[in-house]
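**Student:** Sharing a structure with you now.
The values are calculated or read from the model by the stated rules, or taken from the named source; none is laboratory data. These numbers come from a predicted model, not from an experiment. Cβ atoms come from the backbone with ideal geometry, glycine included; neighbour counts cover every protein chain shown. Remember, those area values only see protein heavy atoms, side chains included, never the ligands or the DNA or RNA. Shrake-Rupley method; radii C 1.70, N 1.55, O 1.52, S 1.80 Å.
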Amino acid sequence: MEIASAPALTAALEQLVRVLLRRLSPRGGLSITAAATLATLERCGPQRLTELAAREGVTQPAMTQLVSRLQGEGLVTRDVDPSDGRVVRVGITDAGRAALAHRREVRVRRLAELLTRLSPADRDALLAAVPAIEALVRLADAPESPETADGPEPDQTITNPRTVDTGASF
């Protein structure tokens with residue numbers, strides 16, 4: 001694939017993400033930011049508020065408000081950091097895990113319904129694209145170093161792909 005195809009692929013992926021998030025997510029449930037935050041806590045364990053805000057790409061005051069709301073709903077806890085009593089760590093509760101599991105179940109069911117309306121060839125093509133999508137996610141989600149801050153070199157490839165844990169989704 002030529003780099004010149006990046007604009008078309010970018011547009012298609014943006015449209016896919018936008019439409020699928022809107023169509024698949026349960027109505028009146030968790031916001032995307034709340035669900036992503038819970039998924040991070042589930043995947044990475046308890047986090048300092050500042051770390052969590054940085055991981056989710058929001059300001060610390062915004063994360064503080066979100067965590068307060070999630071705590072009020074019983075989805076997260078705030079506990080004193082055992083290594084530094086001045087620091088509070090945020091962790092996911094069993095109710096938070098259950099809310100994520102429900103959200104994932106609804107999304108899987110809704111996607112399965114959409115997939116039944118595709119041709120077998122289109123379903124096969126989507127399934128065949130999963131490893132490439134997973135590799136793209138790993139590249140995009142990798143910590144940036146000074147050398148890669150502008151993205152990988154065009155000829156950089158992943159030679160040892162791993163399967164993305166679907167439980168990490170939000």
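**Student:** Condition first: touching a residue at least 60 places away in the same chain (Cβ under 8 Å) and not basic (Lys, Arg). Can you find one or more residues in segment 118-140 that meet it?
**Tutor:** No; the residues of segment 118-140 include none that is touching a residue at least 60 places away in the same chain (Cβ under 8 Å) and not basic (Lys, Arg).
**Student:** Name the residue, out of Thr59, Thr93, Thr33, Thr40, that is among the hydroxyl-bearing types (Ser, Thr, Tyr) and under 27 Å from Leu115 (Cα atoms).
**Tutor:** After applying the criteria, what remains is Thr33.
**Student:** Only one of (1) touching a Gly at 6+ places or on another chain (Cβ under 6 Å); (2) open to solvent by 80 Å² or more (accessible area, probe 1.4 Å); (3) not charged (D, E, K, R) fails for Leu38. Which number is that?
**Tutor:** With respect to (1) touching a Gly at 6+ places or on another chain (Cβ under 6 Å); (2) open to solvent by 80 Å² or more (accessible area, probe 1.4 Å); (3) not charged (D, E, K, R), Leu38 is out only on (2).
**Student:** Now, a different point. Give Val90, Val58 a once-over and let me know the one that is outside any helix (DSSP H, G or I) and within 16 Å of the chain's Cα centre (by Cα).
**Tutor:** Exactly one residue qualifies, and that residue is Val58.
**Student:** Hey, can you tell me all the residues within segment 1-33 that are open to solvent by 60 Å² or more (accessible area, probe 1.4 Å), within 27 Å of Leu100 (Cα to Cα) and in a helix (DSSP H, G or I)?
**Tutor:** Residues satisfying the conditions are Leu13, Glu14, Gln15, Leu16, Val17, Arg18, Arg22, Arg23, Ile32, Thr33.
**Student:** Of all the residues that make up segment 41-53, how many are in a helix (DSSP H, G or I) and out of contact with any Leu (no Cβ under 7 Å at 6 or more places or on another chain)?
**Tutor:** Total meeting the criteria: 8.
**Student:** Hey, does segment 80-103 have a residue that's in contact (Cβ under 8 Å) with a residue 24 or more places away in the chain, under 30 Å from Ala129 (Cα atoms), loosely packed, with under 15 Cβ neighbours inside 10 Å and of a type outside the set (Asp, Glu)?
**Tutor:** Yes, some residue in segment 80-103 is in contact (Cβ under 8 Å) with a residue 24 or more places away in the chain, under 30 Å from Ala129 (Cα atoms), loosely packed, with under 15 Cβ neighbours inside 10 Å and of a type outside the set (Asp, Glu).
**Student:** To continue, here is another question. Among the listed residues Leu111, Leu136, Leu127, identify the single one that is open to solvent by 100 Å² or more (accessible area, probe 1.4 Å) and at pLDDT 65 or above.
**Tutor:** Leu127
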